[in-house]
Amino acid sequence: HYVLNISDDIGNFGEVRLPILGCLAVSWVVVFLCLIRGVKSSGKVVYFTATFPYVVLTILFIRGITLDGAINGIKYYLTPQWQKVLDAKVWGDAASQIFYSLGCAWGGLITMASYNKFHNNCFRDSIIISITNCATSVYAGFVIFSILGFMAHHLNVPVSEVADHGPGLAFVAYPEALTLLPISPLWSLLFFFMLILLGLGTQFCLLETLVTAIVDEIGTDWIIRNKTVVTLSVAIVGFLLGVPLTTQAGIYWLLLMDNYAASFSLVIISCIMCICIMYIYGHRNYFKDVEMMLGFPPPLFFKVCWRFISPVIISFILIFTVIQYKPITYNDYVYPGWSLAIGFAMALSSVVCIPVYALYKISRSPGATFRERLKYACRSHPKWGPALQEHRTGRYAPMASEDTVEARPLKEKEELKEEQKEEEKEKEKERKDEISLTIQGSNGSTNTHNNPNPSA
C-alpha cells in the first residue's frame, strides 16, 4: 500500500513513486559501474553476487526448519497436484522459468561463452549448470515454504491461503512471514539483500549481451574505442524505459511484460533456433563443430534431444499454451483488451525480427528464382568458422597452396613449408636426371664406361 500505492487501472498511471524511481536510478548506476570495463569488471563482481545468495539461503533454511509448522509448509511444497499435469499453463510457466533461470534464448549464454577458450569443455559446463540450477530452485523451495508453513501455523490457516504466486510471493507473502520472526529486521535485510544480488547478476548478463551485440554488429572504430559510452547510453535508455514501471500502475505493466514478453517469445525463439541449427545449418555440420571444439563427439542422447526431442516438446508446449490461453489477472483486476494487445505486441516484437531479416536476406541473395535465392541464403558464409586462424582446422582449413599457407595455423604452416621444400628438392633432382639422360642420348655411342663423369 505504501511502496506501490497501486492505482485502480492499468491506464491510470497516477504519479511517479519517487522512492522506487530513486532505487531504479541507483540500480542502473551500480550496473553501469560494474560493467564499465566489460566482463573484466563484472566477472569479479559476479563471484560475489552468484555465491553469497547461497549463504543467505542456507541461513534462512536453517532458521526456517526450526520453526513451528515448518513441516506443514514443506509437505505442501512436496505434495504434487496431479491434476495440474494436464494444464498447459503449468507447462508454459515451467518452460518460461527454465528459460529465464538458465538464460536460454536470451542471448546471455552465447555472449558469456564467447569469452571462453575455443576448446573449453562446454559440454561439462552445461551439465553442471543445469543440475546446479534445478538443485538451487528445489533448495529455494524448501527455504520459502518452511517459512510459509510457520506463517500458516501462526495464523491458524492452511498453507494454500498464505502461498501466493508471482511477485506477490517474494515481495508480500514471504516478507510478511519474516516479520513474525524474532529479530525480523535481520531476516528481512538478508532476504532482500539476496534478491538485490540475484537481480544485479541477471542484469549484468542482459546488459552485457546488448552492449556486445551493438559493438559486434555495428563494429565501427568509434564504437569499438568507446565501448564505455555505449554501455552508458544503453543504461540511460534502460532507466528511461523503466520509469513507467515506477508509477502507480507500474505493477500492472510489470506483470504484463512478465507474462508476454518473457514467456511466449522465449519459447518461439528457442524452437526456431533448434530448427535452424539442426535442419538448415545441418545437424552433421553442428556435430562436427562440437567435436572439433570438445575433442570428442557429443553423446547420442544429446544428438537425439537436439534433433527431435527438444523441438517437439517446445512446439507442443507452445501449441497447448495458445489453445488453453487465459487472459492474465492481478488479484481481482481483469486486464482490458487493449492492454492484452500491447502484451502480444511486446511478445512478437522480438520474434518478428527473425522472418523480417530472413526475407531481407533472401531478397539480397543472387538467383533467378525465389528457390535459388532461398537455397543460397541458407548456405554458410564463405568466412564462417572459428574466429582465430589457428583454430581453423578440418573442414575450415584453407587449401594447401603457396597463397594460403599463411592462413594456416602455425604448426600446419611449418609442416606445409617442409613438404614444399621436399617437393622442390625432388623436382630439382628429377630435372637433373632428365638433363643427364638427354646428354647421354646426344653422345650416341660414346664409351661412358671410360668416362669418369659421363653427365658432364
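Quick notes on this structure:
- When residues of segment 99-121 are limited to those that are of a type outside the set (S, T, N, Q) and surrounded by fewer than 16 Cβ atoms within 10 Å (Cβ to Cβ), the one nearest to F296 (Cα to Cα): H119
- Test result for L18, of a type outside the set (V, I, T) and crowded, with 17+ Cβ neighbours inside 10 Å: no
- In segment 157-202, the qualifying residues are those that are hydroxyl-bearing (S, T, Y) and under 21 Å from R63 (Cα atoms), and the one that is nearest to the chain's Cα centre (by Cα) is Y174.
- Among the candidates K44, K89, residue that is more than 20 Å from M257 (Cα to Cα) and among the charged types (D, E, K, R): K44
- Checking segment 307-318 against the condition returns no match, with no residue being over 26 Å from I354 (Cβ atoms), in contact (Cβ under 8 Å) with a residue 12 or more places away in the chain and surrounded by 19 or more Cβ atoms within 10 Å (Cβ to Cβ).
Table: residues versus (1) surrounded by 15 or more Cβ atoms within 10 Å (Cβ to Cβ); (2) in the same structural domain as F52 (by TED's automatic domain parsing); (3) out of contact with any helix residue (DSSP H, G or I) (no Cβ under 7 Å at 6 or more places or on another chain).
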| residue | (1), (2), (3) |
| --- | --- |
| G141 | no, yes, no |
| G149 | yes, yes, no |
| A152 | yes, yes, no |
| I183 | no, yes, yes |
| L186 | no, yes, yes |
| C205 | yes, yes, no |
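- Unique residue being surrounded by 16 or more Cβ atoms within 10 Å (Cβ to Cβ), among the aliphatic types (A, V, I, L, M) and either farther than 21 Å from V3 by Cβ or in contact (Cβ under 8 Å) with a residue 60 or more places away in the chain (or both) when the list is V162, V211: V211
The values are calculated or read from the model by the stated rules, or taken from the named source; none is laboratory data. Only a predicted model underlies this, so the values are computations on that prediction, with no experimental measurement involved. Backbone-built Cβ (ideal geometry, glycine too); neighbour counts: all protein chains shown.
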